[in-house]
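The values are calculated or read from the model by the stated rules, or taken from the named source; none is laboratory data. Just so it is clear, the model here is predicted, and its values are computed rather than measured. Here the Cβ positions follow ideal geometry from the backbone for every residue, glycine too, while neighbour counts run over all protein chains shown. Surface areas here come from the heavy atoms of the whole protein model, side chains and all, with no ligands, DNA or RNA. Shrake-Rupley method; radii C 1.70, N 1.55, O 1.52, S 1.80 Å.
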Amino acid sequence: MLPLAFTISLVAYAESISVSKAIEAKRGVQHVNPNQELVALGLSNLMGSLFQSFSVTGGFSRSAVNEQAGARTPIALLISATLIGCTLLFLTPLFYYLPTALLASIIMVAVLGLFDWKEPIRLWKTEKKDLMMLLATFLATLFLGIAEGIGVGVLLSLIMLIYRSVKPHMARLGQIEGTEYFRNLNRFEEAKEPEGLLIVRFDYQLYFANFAHFRDRIQDWSSGKPHLEVIVVDSTPINDMDSTAIYQLKGLITAYREKGVEFYFSGIKGPVRDKLHRCGFMDTVGHDHFFMNIRDAVRFYKENPDGLHRYALQTDED
């Protein structure tokens, strides 16, 4: 019974949190805590199991009817439960021959109010990949079932998450003339790359799965600079590095050092810097190759190409 119980619990929680988020978005003033919702569902089913009840959850259709009726507090649930109990005990003959289509129409009218028809249009304009995931999940739910639809949605989300982490955004930076700001060369025409320097920014954590992307982009960009002397890595967006990425980064630095090209790192966050210090990475690269920001790295290259870095970050106090 465990696989079936797991499926029921997954579908129940997904349905409950989905309708909660839909009503939350519609009202715009309430906040739904998923953990609290999960605890409430668990306790409800635990208590109900003592009396051989069906598994319960926040139903999409029932919540929609309740919300459309103007319910605002849990007292509405007590009133609904009381009316249902009285109906079952005393009024069942009056509703016995009520057409199923009539009951369905009541549910459909209520549920339609929870559909956000503008969301697909917004996704089409902003992120088409999310729109494709939405359509795939919708079609899977429509033709295969709720459990299968949830599974497809979760699987597609994981695939998209892995894809985005393996090939994150990476930018080649240049200095805006007359300022000390460095911006993406593809977005700012006035940004110019300093002679002898390659400045890159990696907008994700660096780990084993995306290091090849990081290395390939640097190789592509550096191959077009015959007089390259220093590669500056803006590490501000990098919030973590795993051991494999650190090991491969050491090899990359060694390979470029044999070509006469040094690596500078700017803006490394404290936790990442601590990890690099513990594994000996900073000793291998050199403490004078770490900077507070890109401006200091460029200034050191221009003013002190052969000296120690007076702007270098020597301590781990961040």
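By the gyration tensor of its Cα atoms, with a ≥ b ≥ c the square roots of the eigenvalues, what is the shape of the stretch 166-314: rounded for a/c under 1.5, prolate for a/b over b/c, or oblate? Rounded, since a/c falls under 1.5. Which residue, Ile75, Val39, Leu91, has the largest displacement toward the positive end of the dipole of the stretch 4-97 when charges sit on each Cβ (Lys, Arg +1; Asp, Glu -1)? Towards the positive end, the residue furthest out is Ile75. Relative to the Cα centre, the charge distribution of the chain, modelled as +1 at Lys and Arg Cβ and -1 at Asp and Glu Cβ, gives a dipole magnitude of about 740 debye.
Legend: calculated FRET efficiency, Lys129 to Arg217, from the Cβ-Cβ distance at R0 = 22 Å, rounded to 0.05, equals 0.55. For the stretch 155-241, the spread of Cα positions along the three principal axes, ordered from largest to smallest, is 48, 24, 21 Å.
Candidate values (1) 19.5; (2) 24.4; (3) 24.9 were compared with Kirkwood radius over Cα pairs in Å computed on the shown model; the agreeing label is (3).
By the rule of a C-alpha distance below 23 Å, with chain neighbours fewer than 8 residues away ignored, the lysines paired with Lys129 are Lys21, Lys118, Lys167. The stretch between Leu98 and Asp240, if pulled fully straight at 0.36 nm per residue, gains 45.0 nm over its current Cα-Cα span. Taking all protein chains in place and a 1.4 Å probe, what share, in percent, of the accessible surface of the chain do carbon and sulfur account for? That share works out to 64 percent. Which lysines have a Cα lying under 27 Å from the Cα of Lys302, excluding residues fewer than 8 positions away in the same chain? Within the straight-line limit of under 27 Å, Lys302 reaches these lysines: Lys192, Lys225, Lys250, Lys259, Lys269.
Based on C-alpha pairs under 8 angstrom that are at least 6 apart in sequence, the chain has a relative contact order of 10 percent.
Given R0 = 30 Å, the distance between the Cβ atoms of Arg183 and Arg278 translates into a calculated FRET efficiency of 0.35.
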